[in-house]
Amino acid sequence: MFFIKKELSRLSEITLFAAMPFALFAVLADIFIALSLVVLLWGSRTGFRRTNTLVNILIVYAINRCVLTSVVAVAEVIAFAVSPHSLWFLAIDFVVGKLYANSLLATLNSRHGMRNGNMVNSVHMSDIHFEEPSLETGRSTQKGVVLELRDENTTSSGSGTMRPSTSGSDSKIPFSSLPPSSSVTSMSSKADLQWKGYAIHDTKNWDKFKVIDFEPKRAEDYDVDIKIEYCGVCGSDGDLAHGGYSTAVRAHERFVFPLPKELPLEEIAPMLCAGLTVYSPLVRNGTGPGKRVGVIGIGGLGHFAIQFARALGAEQVVAFSHSKGKEDDARKLGATDVVITASDDFAKPWAGKLDLIICTADVSQGIPLSDYMTILRVHGRLIMVAIPDDKLPPLHSSEMVGNGALLGGSHIGSKKEALEMLDLAVKKGVKSWIELLPMKEAGKAVRGVKDNTVRYRHVLKVDI
């Protein structure tokens, strides 16, 4: 205790001359810290107003702290000048510490209030401005939805794609959210939004659709309602589709992201399902310059696989088809070679030639799986993305041991991959080959998928 008193008594020996450099350094340091925090926080802004409001609060507190500490440094210098042997500057520092602690607590309380309070339901979505989309990895999407945000009198909508609306604020931004493969127009008020859709009432009559009213899932804090404009038709749509073939879907904001303006909305809709289904395994299995890729089946999935393989820089893209009728289409899509698999020895000239094969054919027993395995190079991979109803043909282990080939599968893709895919589609001119129908013709669309008569993806335009 004596030692502490002795050392504290020496504080009065500090002179104004000694305090000036310290005060100047403290002010400059605070300015530097404040600017760094502002830049860091500003770069953390997203497309969601609640997050941006929190970021803005933190920026204000960073600036306030800088101003406060600078003023205190000046006050300390004045205190030294007026009373050079007093310890008033310690009291001033104590007050500053209390104020700074209170500002930090206020920040945390504001964040807690924003996450758990009623603020969620009063968000003005027109304040959203995207600059750089945040990328999330490791999350699988379900299928595609596209939307646009307007003002507080607008809600969001459905699975697919969007166009700027004719009313609302000037901040009209394309988005995509991910339930069934569809498209959207804009955010709209709950009063404007209808929950209707086309549905079958008997699985035996799977192509007979009728308009129904339906109840969406209970709205939670981070959900957005999306008004659907276009809906892509997938071979798996016979199951329950949350938001497909309807006027709207409710989705978590985590699965909402901006869309490129350069792509037509009706073309984006099938990309968010079929496109992502093949893009993901292409990327994850190393497609790029110097690689040789095969695509089995030229259809809804296959026509995207050929294009994205070429867009990713594959040296060679080989299309395998049982039909000569699609050879011209395959070459237009970017295939460097087309192999007709009708003959028994089709695989022999290609033995050990390819690094990766993506199987998009929605059949199982008709696939000569053992022949395709011989086409792979050492440690090559055959990835299944189609989901046929029947089991795959038998495969002996000896048919994989010779070249160490791997057989695997893939299902949709991540949000990060979806954004990368759309960016690549813009840069490399990847196009969706679609047949556009009004949604009332959903029965015709699903029959076309089953009968394999569509080239190469049906897209439904909402007409309810």
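Once backbone amide H atoms are built at 1.01 Å from N, Leu301 has no partners under 5 Å, excluding neighbours fewer than 5 places away on the same chain.
When the inverse distances between all different Cα atoms of region 315-455 are averaged and flipped, the Kirkwood radius reads 17.3 angstrom. Of the peptides 261-271, 208-218, 336-346, the order by per-residue mean of other Cβ atoms within 10 Å, starting with the highest, comes out as 261-271, 336-346, 208-218. Of all lysines in the structure, those lying under 20 Å Cα to Cα from Lys196, and not within fewer than 8 positions of it along the same chain, are Lys143, Lys208, Lys210, Lys217, Lys227, Lys440, Lys444, Lys461. Descending by average beta-carbon neighbour count within 10 Å, the peptides 246-259, 291-304 line up as 291-304, 246-259, the highest first. Close amide H pairs (under 5 Å, H built 1.01 Å from N) link Gly294 with Val318, Leu356, Ile357, Ile358, residues at least 5 positions away or on another chain. With equal scatterers on the alpha carbons only and no solvent term, can you work out the Debye log10 of I(q)/I(0) for region 224-350 at 0.13 1/Å? Cα-only, vacuum Debye calculation for region 224-350: -0.65. Starting from the Cα gyration tensor of region 282-387, take the square roots of the eigenvalues, sort them a ≥ b ≥ c, and report rounded, prolate or oblate (rounded when a/c is under 1.5, otherwise prolate if a/b is larger than b/c, else oblate). Rounded, because the longest to shortest axis ratio a/c is under 1.5. Packing, as the average of other Cβ atoms within 10 Å across residues, places the peptides 228-235, 445-452 in the order 228-235, 445-452, highest first.
Readers should treat all values here as calculations from the given coordinates under stated rules, not as data from a laboratory. None of these values were measured; they are calculated from a predicted model. Virtual Cβ from ideal backbone geometry, glycine too; neighbours counted across all protein chains shown.
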